[in-house]
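Take a look at the structure below.
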Amino acid sequence: MPFAGIFAALFFAAPVPTFSYDVAPVLYHRCASCHHAGGVAPFALLSYDDAHKRAGLIATVTTKRYMPPWLPSAPRFQHELRLTDSEIATLAAWAARGAPEGDGRATPPPPVFSDAWGLGKPDLETEMPKPFEVPADGPDLYQCFVIPAPAKENHWVRALDIRPGNAKVVHHVILFQDTSRTARKRDQGAGYPCFGTPGFLPARGLGGWTPGAAPAQKPEGIPDLLHGQADLVLQIHYHPIGKPETDRTRLALYFTSDAPKRRLMDVALGSSHIDIPPGDRAYKVTDHFTVPVAVDILGVIPHAHYICKSMNAWAILPDGTRRTLLTIPNWNFDWQQQYRYLTPVRLPEDTRIEIEFVYDNSAANPRNPNHPPARVTVGPGTTDEMAGLHLEATPVDPTDADELSQALWGKMMRSLGGGIYRPGR
Ligand code: HEC
């Protein structure tokens, strides 16, 4: 048991950890992005006083890995919030030994959070046309807001930053572009409800915001096309907090004149064959895809709703080696986000990618939205389920893009399994 070992070593042999020397750096690095004044978390964790009075709670929530909210246990990703075993042991030992401050003058300066955009002056800055009233109570809201064609001309987008107007109630945000003019018809001024999908096709995501995340930068040399005529659609997940709040979320886009050097392709795995009997504690959904050409996998975006428990994705290389693409032992809808690998994962031609999602539709699952449990099928609603895993892939040899795209097309047609295909949809 490495964890117990590290813990015991720190507790009995090592000097007592102090706030100034051991704890402050962990809090600044892994907690402060949410736990600062005006951040999404309900209190700041910057000063000795902030931390000292909650030392026991900090030890508990970190030992259970409830905080920081970071779902994957493997592999390694950029901007990772996951604590190392030794950081957890430090926080636990500090709390257990009375949470001492140490030499206050030696405490490093806390990080500073400002209202300014993290990547400097944007090329396009815009916001929700009107503030939105978030009621005091009731279920979480998923609302879409249309910003009518702010760009006017086509642009290559290299980065996106989103700033919630009110971090207390904004849980996450996804930005889409809509060239179909559907969203604009549905938004009569206060947005429209849109759990799951934003309700138009094609719904091309431009990126998103989750609490504590850095601005969404596109991979080097692969900017995203923003259509000049596209409406921008912000899909916002609001969480009522017991008193009425208003929000007006802003966004910033950063352009580049350099056209893409590589093509980013969506390797989508998942299933729409979901039919989970009430009480089933371990319903499995699987899918697989064999890449016909060598690819670099840059990122992964997993998606399911509330009763999904775990997600696994791995690659089986032609020589039989297995590589973990994603392990989420304890899925939580509220903390979903997209992940970019520390370094791209190179998969040779003929690598088989497999996924397995497990769902718990029993009453023992505290996140089950149905009381008592009911049959759950595929769909976009809060009580429906989904199973999707999107890999951001780019062919190692750019001339292989068409072959990959054809294979993906074939996979999609097979999964529709005799369904009616309408061109252009
Ligand atoms: C991505 C944002 C985010 C990060 C990073 C984060 N927190 Fe939190 N934290 C929250 C939010 C939001 C809440 C309140 C809602 C909840 O409890 O889920 C919270 C609640 C807490 C609570 C109160 C839990 C309770 O049961 O009352 C503690 C203690 C805490 N966080 C400690 C930490 C520590 C320690 C870290 C870093 C090691 C950390 N958090 C990192 C967002 C974050």
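Relative to the Cα centre, what is the charge dipole magnitude of the chain, using +1 at the beta carbon of each Lys and Arg, -1 at the beta carbon of each Asp and Glu, and rounding to the nearest 20 debye? Let's see the in-between values first.
Numbers: 41 positive and 44 negative charges, 87 e Å.
Charge dipole of the chain: 420 debye, to the nearest 20.
Of the residues His237, His273, ranked by 1.4 Å probe accessible area with the largest first, the sequence reads His273, His237.
In whole angstrom, note down how far apart the Cα centers of the range 291-332 and the range 114-156 are. Here the answer is 31 Å between Cα centres.
For the chain, the relative contact order comes to 18 percent (Cα pairs under 8 Å, sequence separation of at least 6).
Partners of Lys243 within straight-line reach, counting lysines whose Cα lies under 19 Å from its Cα and excluding those fewer than 8 residues away in the same chain: Lys168. Taking the protein heavy atoms of the range 124-256 in the context of the full set of protein chains, the accessible area attributed to carbon and sulfur is 53 percent at 1.4 Å. For Lys121, list the aspartates and glutamates whose Cα falls under 15 Å from its own Cα; do not include residues on the same chain fewer than 8 positions away. Excluding near neighbours in sequence, the set is Asp161. In the context of the full protein assembly, Lys168 retains an accessible surface of approximately 110 Å², using a probe radius of 1.4 Å and ignoring ligands and nucleic acids.
Accessible area per residue for the range 265-416 is 45 Å², calculated with a 1.4 Å probe on protein heavy atoms, without ligands, DNA or RNA.
Probe radius 1.4 Å, ligands and nucleic acids left out: which of Trp409, Trp331, Trp117, Trp156 has the largest accessible area, and how do the rest follow? Intermediate values should be presented prior to the final figure.
On the way: Trp409 120, Trp331 0, Trp117 30, Trp156 75 Å².
Sorted descending by solvent-accessible area, the residues read Trp409, Trp156, Trp117, Trp331.
Each residue of the range 333-342 was assigned a 3J(HN,Hα) from its phi angle through the Karplus expression (A = 6.51, B = -1.76, C = 1.60, θ = phi - 60°), giving 3, 5, 10, 6, 7, 9, 10, 10, 4, 4 Hz with x at Gly and Pro.
Rounded to the nearest 10 square angstrom, Cys31 shows an accessible area of 20 square angstrom against a 1.4 Å probe.
With 25 Å as the limit, the listed pairs Lys185/Lys218; Lys152/Lys185; Lys218/Lys284; Lys130/Lys152; Lys130/Lys185 have Lys185/Lys218; Lys218/Lys284 beyond it between alpha carbons. Each residue of the range 180-190 was assigned a 3J(HN,Hα) from its phi angle through the Karplus curve 6.51 cos²θ - 1.76 cosθ + 1.60 (θ = phi - 60°); the sequence is 8, 6, 6, 4, 5, 6, 7, 8, 8, x, 10 Hz, with glycine and proline shown as x.
To the nearest ten degrees, helix 401-416 and the longest principal axis of the Cα atoms of the chain are 90 degrees apart.
Per DSSP H run of at least 4 residues, take -39500 (n - 2.57); add these up for the chain, divide by its residues and hand me the 222 nm value, nearest 500 deg cm²/dmol. All intermediate terms of the calculation are to be shown ahead of the outcome.
Details: 7 runs with 65 residues, N = 425.
-4500 deg cm²/dmol, from helical runs alone.
When both the range 31-107 and the range 198-234 are represented by their alpha-carbon centers, they are found 31 Å apart.
The values are calculated or read from the model by the stated rules, or taken from the named source; none is laboratory data. Bear in mind the structure is a predicted one, so any value in this text is a computation, not a measurement. Cβ atoms come from the backbone with ideal geometry, glycine included; neighbour counts cover every protein chain shown. Quick note on the areas: whole protein, heavy atoms, side chains included, nothing else; ligands and nucleic acids left out. Shrake-Rupley method; radii C 1.70, N 1.55, O 1.52, S 1.80 Å.
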